[in-house]
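The structure appears below as structure tokens.
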Amino acid sequence: MDFRISAEPIEPEELKTALATDTAGACVCFEGWVRDHSGGAAVTALEYESHEPVAVTEGRRILAEAVERFNLTAARCVHRVGLLRLGDCAVWVGVSSAHRAEAFEGCRFIIDSIKERVPIWKKEYYRDGHSGWVNCAVPAQRRAVREAGS
């Protein structure tokens with residue numbers, strides 16, 4: 001198990017090789033990329049910040065929960081911090097297990113839990129020149145609240 005926060009670009013193929021074991025029959029990986037829109041607004045870039053000590057502790061806790069709950073043979077996650085451009089990989093999750101169902105379920109559990117529980121904040125930069133910090137789990141709802149108050 002390995003959870004990391006990184007200011008460096010994520011290299012999915014390198015991370016994936018660490019998931020292989022003789023007992024694994026399935027591997028599922030998720031890559032979250034910076035896209036050009038969010039909640040109806042045109043996005044040009046994202047910036048992530050994290051409280052790294054707490055993020056790493058909670059991230060490792062989530063991976064351990066996933067390994068136990070879904071009988072995974074390996075689990076890894078890397079989340080970027082800093083300024084990211086369109087197309088950059090912001091988060092990578094990979095798991096392996098004996099069977100595909102557990103691998104799919106475990107991978108989804110990890111990414112959903114990371115978004116809900118790990119202290120990582122996202123700032124969206126919009127094409128119209130505005131920007132704003134949003135919670136990674138609920139960007140559209142946060143933006144609606146922010147815009148309603150403007």
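Couple of notes before you dig in:
- Looking only at segment 1-22, and only at residues there that are assigned to a loop (DSSP other than H, G, I, E, B) and not charged (D, E, K, R), the one that is surrounded by the fewest Cβ atoms within 10 Å (Cβ to Cβ): A7
- Within segment 17-42, residues that are under 18 Å from R80 (Cα atoms) reach partners that are of a type in the set (S, T, Y) with beta carbons closer than 9 Å, at six or more positions or on different chains, in the pairs D36/T44.
- Hits in segment 12-40 - residues which are modelled with pLDDT under 95 and either more than 28 Å from E68 (Cβ to Cβ) or among the charged types (D, E, K, R) (or both): E13, E14, S38, G39, G40
- The set of residues in segment 35-58 that are β-branched (V, I, T), farther than 30 Å from H99 by Cβ and either in a loop (DSSP other than H, G, I, E, B) or within 16 Å of the chain's Cα centre (by Cα) (or both) contains only V54.
- Segment 88-116 residues that are under 20 Å from G25 (Cα atoms), paired with ones that are assigned to a helix (DSSP H, G or I) and among the charged types (D, E, K, R) (beta carbon under 8 Å, 6 or more apart): G94/K16; G106/R69; F109/E65; F109/R69
- Test set (1) out of contact with any Gly (no Cβ under 7 Å at 6 or more places or on another chain); (2) in a helix (DSSP H, G or I) - G32 fails condition number: (2)
- Between G25, G39, the distinction of being surrounded by fewer than 15 Cβ atoms within 10 Å (Cβ to Cβ), in contact with a Lys or Arg (Cβ under 9 Å, 6 or more places away or on another chain) and not polar (S, T, N, Q) belongs to G25 only.
- Being closer than 22 Å to F3 by Cα and in a helix (DSSP H, G or I) is a property that holds for R108.
- Residue among V67, V118 that alone is surrounded by 15 or more Cβ atoms within 10 Å (Cβ to Cβ), touching a strand residue (DSSP E or B) at 6+ places or on another chain (Cβ under 9 Å), more than 20 Å from G32 (Cα to Cα) and aliphatic (A, V, I, L, M): V67
- So A45, is it in contact (Cβ under 8 Å) with a residue 40 or more places away in the chain and out of contact with any helix residue (DSSP H, G or I) (no Cβ under 6 Å at 6 or more places or on another chain): yes
- One residue alone among A64, A74 is part of a helix (DSSP H, G or I) and in contact (Cβ under 8 Å) with a residue 60 or more places away in the chain, and that residue is A64.
The values are calculated or read from the model by the stated rules, or taken from the named source; none is laboratory data. The model shown is predicted, which means the values in this text are computed figures rather than measured ones. Methodologically, a virtual Cβ is constructed for each residue, glycine included, from the backbone with ideal geometry; neighbour enumeration extends over all protein chains shown.
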